[in-house]
1. Report the far tail of the P(r) of the stretch 3-60, meaning the percent of Cα-Cα pairs longer than 16 Å.
2. How far is it, in nm, from the label point at Asp241 to the one at Phe257 when both lie 7 Å from their Cα along the line to the Cβ?
3. With the radius of gyration and the Kirkwood radius both derived from the Cα set of the chain, what is their ratio Rg to Rh?
4. Roughly to the nearest percent, how much of the accessible area of the chain is carbon and sulfur, given a 1.4 Å probe?
5. Give me the angle, in degrees from 0 to 90, between the Cα long axis of helix 131-148 and the longest principal axis of the Cα atoms of the chain, rounded to the nearest 10.
6. As an exercise, identify the trypsin sites (Lys or Arg not before Pro) in the stretch 283-328 lying in DSSP coil whose Cβ has no more than 11 other Cβ atoms within 10 Å.
7. For n ≥ 4 DSSP H runs only, could you compute -39500 (n - 2.57) per run for the chain, divide by its residues and tell me the 222 nm figure to the nearest 500?
8. If you count the DSSP beta bridges with both ends in the stretch 65-334, what percent of them are antiparallel, to the nearest 5?
Amino acid sequence: MKQSFYDLNYSDLEAVINQNNLNGTAASVLFNWHYKKKENAQCLDNIAKLAVDFFQNNFDFSLPEIDTVYESNKDRTVKFLFKLKDAHKIETVLIPFNNKYSICLSSQVGCAMNCSFCFTGKQGLTRNLTTSEIVGQFLQAWRWLAIHRPGEERILNIVFMGQGEPLHNFDAVKKACEIFLSKHGTSVGIQKITISTAGYIPGLKRWSEEIPGVNLALSLHSPFEEKRNELIPINKKYPLDEVLTYIDQIPLNKKQFVTYEYILIKDFNDAPEDAKKLGVLLAGKSAYINLIPFNAFPGSHYQSPDLDKIEQFKEVLDTFKIPTLIRGTKGDDVLAACGQLNSRN
Ligand code: SAH
């Protein structure tokens with residue numbers, strides 16, 4: 001089987017070109033064609049024709065196939081169900097803001113984390129995605145926009161908050177980030193990419209050493225050990241205090257902050273005492289809190305709190321002077337909101 005072109009970052013591509021004594025300009029020509037212009041036809045460049053032909057003959061240019069597209073009637077959120085070569089399926093979500101989009105990418109087929117509130121966790125882990133399957137979600141979503149919402153094909157933020165634990169699949173996620181960041185390629189700004197984790201410390205170490213400019217989001221969900229153990233089983237192996245201590249000693253850029261995600265679950269972690277303890281834990285850090293009202297899915301037993309409870313929670317955090325945002329539930333009518341992705345159904 002041929003290797004996928006979309007598994008190569010820019011330096012991999014240059015290496016293949018050197019090893020095969022091909023025209024050196026081909027690297028930027030090919031990256032430009034596929035990532036900047038986002039063409040899916042064969043590259044038509046005369047300067048580097050030999051090299052272009054070499055890649056066309058020796059590499060695979062196929063991308064994950066769009067199986068089904070779900071468009072929200074409420075807010076223009078789009079959820080894609082992709083079919084991979086081995087017939088496994090994954091989901092990707094385009095979240096609109098002012099005629100631009102954030103894309104929520106999956107990093108695994110399923111997930112091994114088994115968080116009690118997450119639909120993806122219920123399907124277990126099947127396998128890691130390859131870099132080309134990650135980058136392919138972006139390219140296919142972009143092309144879909146170009147056809148179905150022409151003029152709106154602007155995907156400005158990339159978040160690894162779809163299916164999977166991105167830090168469990170670090171190599172492929174890192175390479176995808178390198179492709180997104182490459183100035184020869186999609187040229188996405190480093191502050192525009194966020195990796196979200198349940199708190200896998202070995203992956204956090206690699207993130208801080210290898211791609212530190214990429215933003216980090218931690219799924220926190222409860223400041224209390226017992227409750228967090230119940231929500232996120234990996235907390236038993238990598239407890240929150242160790243995760244926070246680790247994150248605290250990572251040098252951040254001036255403008256960089258860590259996002260702490262907090263799902264609000266009715267009568268479980270939505271009381272003022274939870275907010276207070278969370279505030280104490282995060283006060284003084286370069287932190288930003290995202291409050292996510294729990295999104296229901298078939299068979300889930302948790303519920304979302306009422307709006308006034310959510311606002312009270314935020315008011316407590318405000319007293320700690322931590323910037324806090326209540327995240328809307330875009331796309332929940334098509335099960336595209338946080339934690340509703342499950343490609344088995
Ligand atoms: N494994 C990574 C990324 C995937 S989840 C992580 O744990 O961070 C992306 C975000 O959606 C996480 O903050 C996750 O906790 C949240 N989420 C999962 N299920 C949810 C649900 N049912 N309602 C609201 N948010 C949910």
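1. Numbers: 529 of 1653 pairs.
More than 16 Å apart: 32 percent of the Cα pairs in the stretch 3-60.
2. 2.6 nm
3. On the way: Rg = 20.7 Å, Rh = 21.0 Å.
Ratio of gyration radius to Kirkwood radius for the chain: 0.99.
4. Working: 7640 of 15230 Å².
Solvent-exposed carbon and sulfur of the chain make up 50 percent of the total.
5. In the chain, helix 131-148 runs at an angle near 90 degrees to the longest axis.
6. Working: sites: Lys285, Lys309, Lys314, Lys321, Arg327; in loops: Lys285, Lys321, Arg327.
Within the stretch 283-328, the qualifying trypsin sites (Lys or Arg not before Pro) (loop, at most 11 other Cβ atoms within 10 Å) are Lys321.
7. Details: 10 runs with 105 residues, N = 345.
So the calculated ellipticity at 222 nm is -9000 deg cm²/dmol.
8. Details: 20 of 44 bridges.
Here the antiparallel bridges make up roughly 45 percent for the stretch 65-334.
The values are calculated or read from the model by the stated rules, or taken from the named source; none is laboratory data. Owing to the predicted nature of the structure, the values given are computational and were not obtained by experimental measurement. Using ideal geometry, Cβ is built from the backbone for each residue, glycine included, and neighbour counts are taken over all protein chains shown. Note: areas computed on protein heavy atoms with side chains; ligands, DNA, RNA excluded. Shrake-Rupley method; radii C 1.70, N 1.55, O 1.52, S 1.80 Å.
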